[in-house]
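> My questions all concern the structure below.
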Amino acid sequence: MDLFEKVRNYSRGKEILNTSLFPYYRAIEENNGPIVKMDGKTVIMAGSNNYHGLSHDERVIEAATTAIKKYGVSNNGCRLHNGTLDLHEQLEEKLAKFVGKEAALTYTTGYQTNQGAIVPLIGRKDLIFSDRDNHNSIVQATLISRGMFLNKNQIVRYKHNDMNHLTRCLRQAPMDAGKLIVSDGVFSMSGAIVDLPNMVRAAKEVGARIMLDDAHSIGIIGKSGAGTASHYGLDDEVDMIMGTFSKSFGSIGGFVAGSKELIHYLKYTSPAHIFSASLPAAQAAATMASIDILLAEPERMEKLQTLANRLRKGLQSLGYRVPEGFVPIIPVILGDDMLVFKTWGALMEHGVFTNAAVSPGVPEGHQLLRICLMSTHEEEHIDSILEAFSKVKNSILVS
Ligand code: PMP
């Protein structure tokens with residue numbers, strides 16, 4: 001059989017591929033943060049993780065430009081050999097301080113960071129306890145770990161944010177196995193926050209380690225945006241904090257932070273760190289500039305929360321199914337693939353870009369439009385988004 005038969009027969013999405021309802025791979029022609037141009041039309045960007053609009057901040061652009069001029073556009077090698085810059089070392093120190101840990105290690109993407117941080121820790125006798133709704137980068141990291149060392153039974157996927165289930169799973173595990181609990185701090189699709197206090201209780205009972213993916217928490221919650229552990233005042237109870245630069249920091253790249261010992265170990269054992277070219281200077285410099293801005297302008301976090309509350313309440317009053325929450329990820333649950341596409345297309349007609357999440361990306365019945373806000377949105381943008389949702393409700397959802 002031809003290996004490519006599956007390629008020829010791949011039909012998913014083809015029915016709507018060339019229609020105005022197709023929500024994926026839509027090219028941006030101009031990007032001004034909260035406002036972008038697509039298909040020649042100006043729309044409100046309500047689907048970006050650029051939570052503080054920093055990828056467009058003049059100070060961040062200036063820092064990146066200066067770094068490119070000094071170091072070039074690539075480091076052409078890995079950290080271990082020729083790819084370490086003084087900027088990496090400065091950035092790692094800043095990151096560790098930002099999240100309240102002893103040390104940090106950077107990677108070239110956030111996706112890579114999860115693989116890089118998890119794989120070297122998991123040996124033949126160890127177990128991973130992973131939330132069923134964790135980000136795909138964590139899921140893939142557990143699969144790679146399995147490829148290297150584990151059998152299927154050593155990966156336990158507990159029910160989403162269900163700490164009773166996690167506790168039962170941990171209690172059933174062999175006493176002498178090393179145990180890593182890994183979870184999103186804030187879940188990327190729903191905006192739900194992990195039940196950390198009960199996770200810590202469960203972990204302590206059996207001596208498990210905790211790793212949080214704070215991609216959507218850093219710069220959003222906790223003291224000065226330090227993330228989920230800080231939000232709960234449980235800074236010392238989380239062993240590993242992972243974060244990305246592609247969201248609040250407006251750049252690209254990722255990091256893991258923890259004890260000096262842990263970071264030293266990862267530095268010499270983490271394949272995704274050792275065998276991939278290092279973070280470009282522009283990204284390192286941009287991330288540092290963003291951290292400085294977030295620390296100097298804490299009002300950004302407050303504004304983002306106020307905007308998110310205004311939009312969440314507004315959508316709920318319009319009758320949309322929007323769960324409570326306080327982060328700038330606002331899911332509008334529609335529960336059907338085609339309804340998601342139609343609503344997405346109608347919102348675009350009214351000048352609003354959102355993210356369409358259909359199955360299997362989200363569970364059947366929970367298909368949704370995900371809205372993400374930026375602190376550079378203004379109240380008028382929120383009102384325009386609400387107006388568009390109101391018009392769409394009358395034209396599509398009622399008929
Ligand atoms: N973890 C989570 C929870 C994410 O949402 C993402 C990206 N959407 C990543 C990791 C990967 O980060 P990056 O896109 O910066 O590689």
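Coordinate-derived values only; no laboratory data. Given the structure is predicted, the values throughout are model-derived calculations rather than measurements. Glycine gets a Cβ as well: all are built from the backbone with ideal geometry, and neighbour counts include every protein chain shown.
> Karplus couplings for segment 75-82 from phi (6.51 cos²θ - 1.76 cosθ + 1.60, θ = phi - 60°), rounded to Hz, Gly and Pro as x?
Whole-Hz 3J(HN,Hα) from phi for segment 75-82: 9, 6, x, 8, 4, 4, 9, 9.
> Nearest 5 percent is fine: what portion of the DSSP beta bridges confined to the chain is antiparallel?
Given both bridge residues lie in the chain, the antiparallel proportion sits at roughly 60 percent.
> Continuing with the same structure: Longer than 21 Å from Cα to Cα, which of 223/313; 69/260; 342/393 are they? Say none if no pair is.
223/313; 69/260
> Another question about this same structure. On each of the three principal axes of the Cα atoms of segment 58-296, give max minus min coordinate, whole Å, ordered largest first.
Projected onto its principal axes, the Cα set of segment 58-296 covers 56, 35, 30 Å.
> Okay, moving on. Tell me the label-point distance for the pair residue 17, residue 237, using the 7 Å Cα-to-Cβ offset, in nm and rounded to one decimal.
A separation of 5.0 nm, rounded to one decimal place.
> At what distance in nm do the modelled label points of residue 5 and residue 292 sit from each other, each positioned 7 Å from its Cα along Cα→Cβ?
About 6.0 nm separates the two model spin labels.
> Please arrange 389, 275, 249 by how many other C-beta atoms lie within 10 Å of their C-beta, fewest to most.
If I rank by nearby Cβ atoms, fewest first, I get 275, 389, 249.
> Using alpha-carbon positions, what is the distance between the centroids of segment 374-389 and segment 202-255, in Å?
28
> Which of 52, 366 has the fewest other C-beta atoms within 10 Å, and how do the rest follow up to the most?
So the residues, fewest neighbours to most, are 366, 52.
> Run down the lysines and flag those whose C-alpha is under 26 Å from the C-alpha of residue 267, throwing out any fewer than 8 positions away in its chain.
Answer for residue 267, where 26 Å is the Cα cut-off: 70, 94, 97, 101, 125, 179, 247, listed by chain and number.
> Going by C-beta contacts inside 10 Å, put 338, 242, 374, 38 in order with the fewest on the left.
338, 38, 374, 242
> Can you pull out the GluC sites (Glu not before Pro) in segment 281-373 that DSSP calls coil and that have at most 16 other Cβ atoms within 10 Å?
In loop regions of segment 281-373 (DSSP not H, G, I, E or B), the sparsely surrounded GluC sites (Glu not before Pro) are 324, 364.
> Roughly speaking, what is the stretch gain from residue 132 to residue 324, that is 0.36 nm per residue apart minus the C-alpha to C-alpha distance, in nm to one decimal?
This chain segment gains 67.1 nm when fully extended.
> With n ≥ 4 as the cut-off for DSSP H runs, can you work out [θ] at 222 nm for the chain, using -39500 (n - 2.57) per run divided by the number of residues, rounded to the nearest 500?
Computed mean residue ellipticity for the chain: -12000 deg cm²/dmol.
> In whole percent, what relative contact order does the chain give with Cα contacts below 8 Å and a gap of six or more residues?
23
> Related question: Counting just the Cα atoms, what span does the chain cover along each of its three principal axes? Round to the nearest Å and put the largest first.
59, 54, 52
> List, in order, the whole-Hz ³J(HN,Hα) value for each residue of segment 168-179 obtained from phi through the Karplus relation with A = 6.51, B = -1.76, C = 1.60 and θ = phi - 60°; use x for Gly and Pro.
4, 4, 5, 5, 7, 6, x, 4, 8, 7, x, 10
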